[in-house]
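Note sheet for the following structure.
The values are calculated or read from the model by the stated rules, or taken from the named source; none is laboratory data. Fair warning: this is a prediction, and the values are worked out from it, not measured in the lab. As a convention, Cβ positions derive from the backbone with ideal geometry for all residues, glycine included, and neighbour counts pool all protein chains shown.
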């Protein structure tokens, strides 16, 4: 049988060696896709083998089998070079969806009761301080006491990756580039300022101008880059001549706070988060005192994910509360 210029053989393969869609559906081993997902998230076959707890030859063989099934090279490999091909990128996106669906099967089967139960997996960027979010969690637990909850703190990029893969119910994080497969809703807005700790020579000085910060070392977040989510913070540091002297970075706010208090350098923090430390004498706010950069924190979810009733209830409640609360009440200065 022929379709266009490609011939399908009686063994279910096309003339170019690829399996037909029907045979691919019957014979493709999920373990091959699982191994490929880990490969795509690794920097080498050796790293992927370690994460999968398999030998390197086993992982290489799995990749070769998968490439034979789909008839495309999926990863370009050479000494010092390891990256997905265009076909590999496309397969990785689909494999993440499949993995998310499989992960959720047991949850969906357990959720067939009259009472709202089930487990909600949240991923949050470091140190999300939002009274509205806390209120929604309290109301959700009061109404559904048998529903369970786990919260994992990740970088914003990792949190969005978890939502994309349907490994998390939803995320609360910063957003740089929007994925058209995901949905976004602004939860709150926070303003960043610059701070130093007690060992720093500028600590306690009230007569400072922005020029006084020039030449001092700084600490900041991993995403404090012109091409990332904290671009306004990057510009604020640059205007104070702090851009090239970053001596410490972290994706966790608590660790940036630790470095500031320890006196490693001047660092940015949300004003409402640093307020107590300033009051307790652990930090000192530095210029600029006005026109501080605003950063939006979003709720991110995957509309293609099959949420259990607990997940759907919490997400719906949160979105409804956002809609009912004016933006000025969700802005923390």
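The table below gives the values:
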| read-out | value |
| --- | --- |
| Boolean, residue 305 is outside any strand (DSSP E or B), outside the structural domain of residue 219 (by TED's automatic domain parsing) and within 21 Å of residue 154 (Cα to Cα) | yes |
| Of residues in the range 146-156 being surrounded by 19 or more Cβ atoms within 10 Å (Cβ to Cβ) and either under 30 Å from residue 267 (Cβ atoms) or at pLDDT below 90 (or both), the one nearest to the chain's Cα centre (by Cα) | 156 |
| Hey, residue 11 part of a loop (DSSP other than H, G, I, E, B), at pLDDT below 85, on the phi < 0 side of the Ramachandran plot and out of contact with any strand residue (DSSP E or B) (no Cβ under 9 Å at 6 or more places or on another chain) or not | yes |
| Scope the range 78-90; condition loosely packed, with under 14 Cβ neighbours inside 10 Å and over 18 Å from residue 165 (Cα atoms); matching residues | 78, 79, 80, 81, 83, 86 |
| Test set (1) at pLDDT 90 or above; (2) in contact with a strand residue (DSSP E or B) (Cβ under 7 Å, 6 or more places away or on another chain); (3) within 30 Å of residue 95 (Cα to Cα) - residue 181 fails condition number | (2) |
| Any hit, the range 196-206, residues being over 26 Å from residue 133 (Cβ atoms) and at pLDDT below 90 | no |
| Residues of the range 152-175 satisfying the condition of being under 14 Å from residue 310 (Cβ atoms) and either out of contact with any helix residue (DSSP H, G or I) (no Cβ under 7 Å at 6 or more places or on another chain) or part of a strand (DSSP E or B) (or both) | 170 |
| Subset tally (residues that are part of a loop (DSSP other than H, G, I, E, B) and surrounded by fewer than 16 Cβ atoms within 10 Å (Cβ to Cβ)) for the range 308-333 | 3 |
| Residue in the range 119-132 that is closer than 22 Å to residue 38 by Cβ and modelled with pLDDT of 90 or more present | yes |
| Subset tally (residues that are modelled with pLDDT of 70 or more and part of a loop (DSSP other than H, G, I, E, B)) for the range 15-61 | 9 |
